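Student: Have a look at the structure that comes next, please.
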Ligand code: AP5
């Protein structure tokens with residue numbers, strides 16, 4: 001990959017802020033590997049050979065709560081290492097949801113030698129926009145995920161809304177690697193803001 005690009009791009013944002021949408025575009029446009037912990041957890045849910053203890057931990061996701069940290073680290077760190085071995089950087093899509101997780105990832109980045117090549121983009125939308133977007137997705141695409149349910153969406157927003165993102169944003173702000181991206185405009189405009197921030 002281009003040496004000037006960061007090896008790690010961390011996308012923060014409330015549910016429905018567009019992390020997944022922008023992560024896919026970053027991967028297509030710049031050759032990153034996509035590390036979506038939500039997708040990894042849903043794949044685990046479908047995997048008949050997965051460790052039963054890991055599968056039990058998925059009950060939290062289905063209830064709109066955060067999944068145990070150790071499972072997140074196991075899934076995400078493995079993907080980040082695989083990407084590096086393939087010569088690719090990683091876009092972390094929702095992979096960091098607490099300051100405790102941010103600190104653990106930081107230790108891991110130091111271990112694998114990418115700590116100096118990380119950037120964080122917070123894709124920011126108002127909490128009120130979340131229910132509208134997720135409602136539109138549900139209406140257009142039907143129930144695609146166990147947590148695609150208006151009541152569960154409210155729980156996700158309670159636990160993972162802007163109040164929860166704030167301390168993580170502050171953690172990266174203090175490191176001087178945070179850019180806040182306005183996530184309210186149409187998708188292409190948000191992509192343009194992300195691309196601009198990467199220059
Ligand atoms: P995850 O799958 O990551 O879900 P999420 O964070 O709730 O995010 P979404 O996928 O709903 O939204 P998004 O921000 O990716 O937006 P999207 O691009 O899809 O995680 C699921 C669960 O796994 C969590 O709730 C938790 O239980 C668990 N989990 C995951 N990581 C964890 C961790 N680190 N620790 C503990 N637990 C963890 O867009 C949403 C919709 O809006 C789409 O329809 C899209 O087309 C539309 N849209 C996007 N951008 C725009 C725009 N600019 N304008 C208009 N519409 C837009």
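What follows is calculated from the coordinates using simple rules that are stated; it is not laboratory data. All values derive from a computational prediction rather than experimental measurement. Cβ coordinates were reconstructed from backbone atoms using ideal geometry, including for glycine residues, and neighbour counts include every protein chain displayed.
Student: Could you grab the Rg to Rh ratio for the range 46-199? Cα atoms only, Kirkwood for Rh.
Tutor: We get a ratio of 0.96 for the range 46-199.
Student: For the range 1-43, report the % of Cα-Cα distances exceeding 17 Å. Walk me through the numbers on the way to the answer.
Tutor: Working: 309 of 903 pairs.
Of the Cα pairs, 34 percent sit more than 17 Å apart.
Student: Rounded to the nearest 500, what is the chain's calculated 222 nm mean residue ellipticity when only DSSP H runs of at least 4 contribute -39500 (n - 2.57) each, over all residues?
Tutor: -17500 deg cm²/dmol
Student: Please give the FRET efficiency for residue 51 paired with residue 108, using the beta carbon to beta carbon distance and R0 = 22 Å, rounded to the nearest 0.05.
Tutor: Between residue 51 and residue 108 the formula returns 0.60.
Student: Please report, in whole Å, how far the alpha carbons of the range 108-199 spread along each principal axis, starting with the longest.
Tutor: 42, 28, 23
Student: So if I restrict to the alpha-carbon atoms in the range 84-127, what is the Rg, and what is Dmax, the biggest pairwise distance, in Å?
Tutor: Cα only, the range 84-127: 12.1, 38 Å (Rg, Dmax).
Student: If I model the range 1-105 as equal point scatterers sitting on the Cα atoms and use the Debye formula, what is log10 I(q)/I(0) at q = 0.21 Å⁻¹?
Tutor: -1.17
Student: How would you rank 134, 92, going from fewest to most other Cβ atoms within 10 Å of each one's own Cβ?
Tutor: Numbers: 134 21, 92 25.
The fewest-first ordering by Cβ neighbours comes to 134, 92.
Student: Could you give the alpha-carbon Rg of the range 138-181 over 2.2 N^0.38 Å, rounded to two decimals?
Tutor: With N residues counted in the range 138-181, Rg over 2.2 N^0.38 Å equals 1.59.
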